[in-house]
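Trainee: Okay, handing you the structure first.
None of the figures in this text is laboratory data; all of them are computed from the coordinates on show. The shown structure was predicted, so the numbers you read here are calculated from the model rather than taken from an experiment. Cβ sites come from the backbone with ideal geometry, for glycine too, and all protein chains shown count toward neighbours.
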Amino acid sequence: MLSGKTILLGITGGIASYKICELIRMYKRANADVQVVCTPNALNFVTKLTLQTLSKNNVAVEEFDIKNYNPEHISFADKADIMVIAPATANTISKIATGVADNLLTSIACAFTKPVIIAPAMNCHMWENPIIQENLRKLSCTVLEPESGYLACGYLGKGRLCKIEKIFDKTAEILNYKPLTGKKFVITSGGTFEDIDPVRYISNYSSGKMGVALADSAKNLGADVTLITTKDVSKKYNVIKVKSALDMKDAVMREFDNADCVIMAAAVADYRVKETAPQKMKKTDEDEITLTLVKNPDILSELCSLKARGQEDKKTGYIACHHDIRTSYPLVVGFCAESENLIEHAKEKITKKGCDYLIANDISRKDIGFSSDYNEVTILDKNGGMKKLERADKMTIAYQILEEIF
Ligand code: CTP
């Protein structure tokens with residue numbers, strides 16, 4: 001995703017430095033070249049060896065440790081496409097704002113003419129200090145404001161480093177990496193709600209986070225995104241809120257026509273109540289009651305057969321009454337939630353449903369999948385190929401899935 005780009009990553013002396021290890025991994029997974037420059041104090045929080053191993057580059061700290069004729073601060077500044085300083089302490093922010101260049105990192109910042117992202121992290125009183133705020137205003141760069149919450153110093157307030165994914169997204173956005181421009185993505189998310197009566201329903205534990213992460217990533221990569229979800233989501237792209245499997249099917253079918261890719265990340269209920277009671281059902285004297293359920297349409301399978309029929313008609317030139325022949329059909333991607341025999345079930349499902357890719361995830365584990373912010377998946381393709389994506393936050397997994405399928 002970021003191949004050919006060099007990111008100069010400046011780390012300063014704050015406790016949030018340890019989080020930057022994950023940021024380096026995200027940049028590396030996106031194929032960026034990462035050059036780490038630390039202030040001497042940063043190495044009190046994270047080791048040079050860790051940063052070197054993750055970035056696969058020497059870590060620069062000292063200004064006068066010059067290995068060739070080039071002054072290092074100038075050659076680093078020339079080579080990189082962007083400079084990201086995270087976490088940025090009040091001290092480093094103030095130095096950069098006032099042109100102080102007393103270590104390698106601040107010297108590079110002073111000489112850097114390309115885009116700079118600064119992600120501050122500090123105690124909440126330091127953040128609120130008018131001098132620091134004044135210095136921040138002097139910076140001509142993108143500042144990713146810290147978040148509120150419990151701080152390492154014990155205070156509750158604003159000062160925590162923003163999410164690593166936010167720094168990654170901003171970097172990709174500024175580097176203008178938009179390979180999905182002009183592509184329409186339709187993504188579903190969340191568990192459907194099947195009404196029993198006006199106050200009760202059947203649903204599942206799906207949080208909808210994986211679908212949202214996919215929609216956010218596709219948007220960041222330039223796609224025109226429509227998210228069809230059962231959750232309340234407010235985004236800058238098109239969001240269609242639905243409730244039941246039948247609502248979701250209607251919305252997906254409407255959007256399918258001009259889509260380039262449909263990803264069914266939603267946990268669609270396989271059955272719905274045969275007859276939804278119009279009024280709240282009353283408790284009876286019986287110890288048991290029976291609800292009759294009927295099968296919901298399998299949206300993914302229907303999309304796949306629509307596509308297969310369309311492609312077949314295109315080959316034979318026969319114009320069927322059920323649809324117009326299109327010049328191209330979207331890539332159809334399904335998800336597969338399993339609590340046992342993940343790969344075995346996933347292989348059966350991709351064949352049965354006929355989708356191009358199936359993303360298999362294990363929902364029996366507490367540290368990934370449903371409700372978690374993390375996931376670990378295996379991508380299966382229709383030709384029998386398989387690729388495992390190691391456990392990572394859902395946004396990282398989403399980028400990797402998009403990179404793999406598109
Ligand atoms: N799916 C769908 N419509 C349904 C059920 C599932 O479109 N009525 C889609 C899901 O969005 C997912 C894929 O099918 O992309 C697989 O869903 P999953 O729940 O894993 O499998 P099921 O087909 O429901 O089979 P089972 O519940 O027996 O595992």
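Trainee: Using only DSSP helix segments of four residues or longer, with each worth -39500 (n - 2.57), what per-residue ellipticity at 222 nm results for the chain after dividing by its residue count and rounding to 500?
Mentor: After summing the helix terms and dividing by residue count, I get -9500 deg cm²/dmol.
Trainee: Which length gain, in nm to one decimal place, applies between Asn129 and Lys282 when the Cα-Cα distance is subtracted from 0.36 nm times their residue separation?
Mentor: 49.1 nm
Trainee: Pulled fully out, how much extra length does the chain show between Tyr150 and Glu22, if you take 0.36 nm times their separation in residues and subtract their Cα-Cα distance? The partial results should precede the final answer.
Mentor: Numbers: separation 128, 0.36 × 128 = 46.08 nm, distance 2.04 nm.
Value of the extension gain: 44.0 nm.
Trainee: Restricting the calculation to Cα positions, tell me the Rg (one decimal) and the Dmax (whole number) of region 218-273 in Å.
Mentor: Values for region 218-273 (Cα only, Rg and Dmax): 11.9, 40 Å.
Trainee: For Cα pairs less than 8 Å apart in space and 6+ apart in sequence, what is the mean separation divided by the residue count of the chain, i.e. the relative contact order in percent?
Mentor: For the chain, the relative contact order is 11 percent.
Trainee: Per Stokes-Einstein, at 10 °C and 1.306 mPa s, what whole-number D in µm² s⁻¹ belongs to the chain, with the Kirkwood radius over Cα pairs as the hydrodynamic radius?
Mentor: Calculated translational D: 66 µm²/s.
Trainee: Evaluate the charge dipole of region 184-405 about its Cα centre and quote only its size in Debye, nearest 20, assuming +1 on the Cβ of each Lys and Arg and -1 on the Cβ of each Asp and Glu. Show your work: numbers first, answer last.
Mentor: Numbers: 33 positive and 36 negative charges, 93 e Å.
Dipole about the Cα centre, nearest 20: 440 debye.
Trainee: For the cross-link pairs Lys314/Lys349; Lys249/Lys307; Lys241/Lys349, which exceed 20 Å when the distance is taken from alpha carbon to alpha carbon?
Mentor: Lys314/Lys349; Lys241/Lys349
Trainee: State, to one decimal in nm, how far the label point of Asn258 lies from the label point of Tyr205, with both points 7 Å from Cα in the Cβ direction.
Mentor: Between Asn258 and Tyr205, the simple spin-label model gives 4.1 nm.
Trainee: What distance in nm separates the two pseudo spin-label positions at Asp250 and Thr98, each 7 Å out from Cα along the beta-carbon direction?
Mentor: Output for this residue pair reads 6.4 nm.
Trainee: What distance in nm lies between label points placed 7 Å from Cα along the C-beta direction at Cys141 and Glu275?
Mentor: 6.8
Trainee: Which of Thr171, Leu389, Val333 sits farthest toward the positive end of the charge dipole of the chain, with +1 on the Cβ of Lys and Arg and -1 on the Cβ of Asp and Glu?
Mentor: Thr171
Trainee: What order do you get for Arg272, Arg254, Arg29 when you list them from fewest to most C-beta neighbours inside 10 Å?
Mentor: Arg254, Arg29, Arg272
Trainee: Reported to two decimal places, what Rg/Rh ratio describes region 6-174 when computed on Cα atoms with Rh from the Kirkwood expression? Write out the running numbers ahead of the final one.
Mentor: Details: Rg = 14.8 Å, Rh = 15.8 Å.
Here the Rg-to-Rh quotient is 0.94.
Trainee: Further, regarding this structure: On a full-extension model of 0.36 nm per residue, what is the gain between Asn57 and Glu173, subtracting their alpha-carbon distance, rounded to one decimal in nm?
Mentor: 39.4 nm
Trainee: Given charges of +1 on the Cβ of Lys and Arg and -1 on the Cβ of Asp and Glu, with all other atoms neutral, how large is the dipole of the chain about its Cα centre, in debye to the nearest 20?
Mentor: About 540 debye.
Trainee: Another question, then. Using a Förster distance of 30 Å, how high is the FRET efficiency between Asp381 and Glu312, based on the Cβ-Cβ distance and rounded to 0.05?
Mentor: The value I calculate is 0.90.
Trainee: Which one, Pro198, Thr188, Leu293, is farthest towards the positive end of the dipole of region 185-318 when Lys and Arg carry +1 and Asp and Glu -1 on their Cβ?
Mentor: Toward the positive end, the furthest listed residue is Thr188.
Trainee: Could I ask something else about it? For a label point 7 Å from the Cα of Tyr374 along Cα→C-beta, name the residues of region 1-19 whose backbone N is under 20 Å from it.
Mentor: Under cut-off, by backbone N: 16-19.
Trainee: From the residues Thr89, Met281, Ser234, which one has its Cα farthest along the dipole of the chain in the positive direction, the dipole being from +1 and -1 charges on Cβ of Lys/Arg and Asp/Glu about the Cα centre?
Mentor: My answer, from the dipole projection, is Thr89.
Trainee: With a ≥ b ≥ c the root eigenvalues of the C-alpha gyration tensor of region 115-199, is it rounded (a/c under 1.5), prolate (a/b larger than b/c) or oblate?
Mentor: Oblate, since a/c reaches 1.5 and b/c is not below a/b.
Trainee: Could you give the distance between the Cα centres of region 328-355 and region 166-242, to the whole Å?
Mentor: When both Cα centres are located, 20 Å separates them.
Trainee: I need the calculated FRET efficiency for the pair Thr6 and Asn41, taking r as the beta carbon distance and R₀ as 35 Å, to the nearest 0.05.
Mentor: Working from the Cβ atoms, E equals 0.90.
Trainee: Which of the peptides 20-27, 216-223, 362-369 is most tightly packed, and how do the rest follow, judged by the mean count of other Cβ atoms within 10 Å per residue?
Mentor: 216-223, 20-27, 362-369
Trainee: Could you list Met83, Met126 in order of exposure, starting from the residue whose Cβ has the fewest other Cβ atoms within 10 Å?
Mentor: Met126, Met83
Trainee: On to the next question. Where does region 184-405 land on the Kirkwood hydrodynamic radius, alpha-carbon pairs, in angstrom? If you can, show how the numbers build up before the last one.
Mentor: Numbers: mean 1/r = 0.0543 Å⁻¹.
Here the Kirkwood hydrodynamic radius works out to 18.4 Å.
Trainee: May I pose another question? Considering only DSSP beta bridges where both residues belong to the chain, give the percentage that are antiparallel (nearest 5).
Mentor: Once the DSSP bridges in the chain are tallied, antiparallel ones form about 35 percent.
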